[in-house]
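> What follows is a single structure, and I will ask about it in a moment.
The values are calculated or read from the model by the stated rules, or taken from the named source; none is laboratory data. Note that the coordinates shown come from a computational prediction; the quantities given were computed from them, not determined experimentally. Cβ coordinates were reconstructed from backbone atoms using ideal geometry, including for glycine residues, and neighbour counts include every protein chain displayed.
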Amino acid sequence: MSVYFITGIDTDIGKTIATGRLARVLHHKGCRIITQKMVQTGCNGISEDIMTHREIMGIDLQSQDIDMTTCPYVLQKPASPHLASKLENKIIEPKHITNATNTLIQNYDIVLLEGAGGLMVPLTDSLLTLDYIAGLNYPIILVTSGRLGSINHTILSIEAIKSRSLQLHALIYNHWQPDKHLASNYEPDVEIVDSTKDYLKSYLAQSYPDTYWVDLPNELKIKNDDLTHSDRNSSLDSYAERLIYK
């Protein structure tokens, strides 16, 4: 039974897509897998990211989704958790998140815990996301992309992980990108995308050889009855095997 923390180098980098796709592959391999969202901001009711996970996985909402075990805090303001909670006069209790994770791990082989934003997003006025994870020593799966600036953001994130003596378990290179209006009107540049991938892959091999490199193909059409061809024949599939048979 294991917990892996999935975070990204920035907001709108594709953490939710990556989490759902990895969970989907694990599910199809017979793994008892559940996803969890640490804190969801910008919505009401059941976490939108949890609903996206279930849609990608091809399964219905689970009872733990309905009772909010898979996302203990849902806040209306699309902002960092410390601000969104303050605007609603709510207090985020880190222990409540931990208890929810521990409840899930009793019934599942793997819990994929997705963060909100990046590593340095404050959960409370006195607690950064990364420091919360450091207190629990969860292995980290970092999602990056070929967006301009990703090399800088990725290496800074990796250095922050190293400074807390945490394990960078995998780096997921996400070829999917959100709609342009969600990413400051960013439009992918093929040369930058390819160069960024080559540089980060080489950097990882030299500096963090034990960290898994995972390519996440841009496959938006999700079939409910089977894995997509790209997921079934990719490093995502190989990585899922590693998680199951570690």
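> Considering TYR73, TYR4, which residue is closer than 22 Å to ASP215 by Cα, surrounded by 19 or more Cβ atoms within 10 Å (Cβ to Cβ) and either out of contact with any Gly (no Cβ under 9 Å at 6 or more places or on another chain) or in contact (Cβ under 8 Å) with a residue 40 or more places away in the chain (or both)?
Of TYR73, TYR4, the one residue that is closer than 22 Å to ASP215 by Cα, surrounded by 19 or more Cβ atoms within 10 Å (Cβ to Cβ) and either out of contact with any Gly (no Cβ under 9 Å at 6 or more places or on another chain) or in contact (Cβ under 8 Å) with a residue 40 or more places away in the chain (or both) is TYR4.
> Considering every residue within region 1-19, establish whether at least one is touching a helix residue (DSSP H, G or I) at 6+ places or on another chain (Cβ under 7 Å), modelled with pLDDT under 95, under 14 Å from LEU104 (Cβ atoms) and not basic (Lys, Arg).
yes
> Can you go through ASP225, ASP194, ASP237, ASP231 and tell me which one is modelled with pLDDT of 55 or more, loosely packed, with under 12 Cβ neighbours inside 10 Å and at negative phi?
None of the other options fit; the residue is ASP194.
> Looking for whichever is without any contact (Cβ under 8 Å) to a residue 24 or more places away in the chain, under 19 Å from ASN99 (Cα atoms) and of a type in the set (A, V, I, L, M) here; the options are ILE50, ILE34, ILE46. Which one fits?
ILE50 is the lone residue from the list that is without any contact (Cβ under 8 Å) to a residue 24 or more places away in the chain, under 19 Å from ASN99 (Cα atoms) and of a type in the set (A, V, I, L, M).
> State which residue pairs qualify: first residue over 22 Å from THR16 (Cβ atoms) and inside region 140-168, second residue part of a helix (DSSP H, G or I) and aromatic (Phe, Trp, Tyr) in any location, beta carbons under 8 Å apart, and separation of 6 or more residues or different chains.
ILE151/TYR199; ILE155/TYR203
> Among the residues of region 197-222 satisfying the criterion of being polar (S, T, N, Q) and either part of a loop (DSSP other than H, G, I, E, B) or modelled with pLDDT under 95 (or both), which is surrounded by the fewest Cβ atoms within 10 Å (Cβ to Cβ)?
Filtering first and then ranking leaves ASN218.
> Return a yes/no flag: does region 100-114 have any residue that is touching a Cys at 6+ places or on another chain (Cβ under 7 Å) and either under 26 Å from TYR239 (Cβ atoms) or aliphatic (A, V, I, L, M) (or both).
The answer is yes, given that some residue of region 100-114 is touching a Cys at 6+ places or on another chain (Cβ under 7 Å) and either under 26 Å from TYR239 (Cβ atoms) or aliphatic (A, V, I, L, M) (or both).
> Does ASN107 satisfy the condition of being of a type in the set (S, T, N, Q) and either assigned to a loop (DSSP other than H, G, I, E, B) or surrounded by 17 or more Cβ atoms within 10 Å (Cβ to Cβ) (or both)?
When the stated conditions are applied, ASN107 passes them.
> Any idea which residue in region 1-26 is nearest to the chain's Cα centre (by Cα), counting only those that are part of a loop (DSSP other than H, G, I, E, B) and not hydroxyl-bearing (Ser, Thr, Tyr)?
Among them, the one singled out is GLY14.
> Which of the following residues is over 16 Å from the mean Cα position of the chain (by Cα) and of a type outside the set (Asp, Glu): LEU128, LEU113, LEU119?
So the residue among LEU128, LEU113, LEU119 that is over 16 Å from the mean Cα position of the chain (by Cα) and of a type outside the set (Asp, Glu) is LEU128.
> If you go through region 27-36 one residue at a time, do you hit one that is of a type in the set (Lys, Arg) and assigned to a helix (DSSP H, G or I)?
Within region 27-36 (the criterion being of a type in the set (Lys, Arg) and assigned to a helix (DSSP H, G or I)), the answer is no, since none of the residues qualifies.
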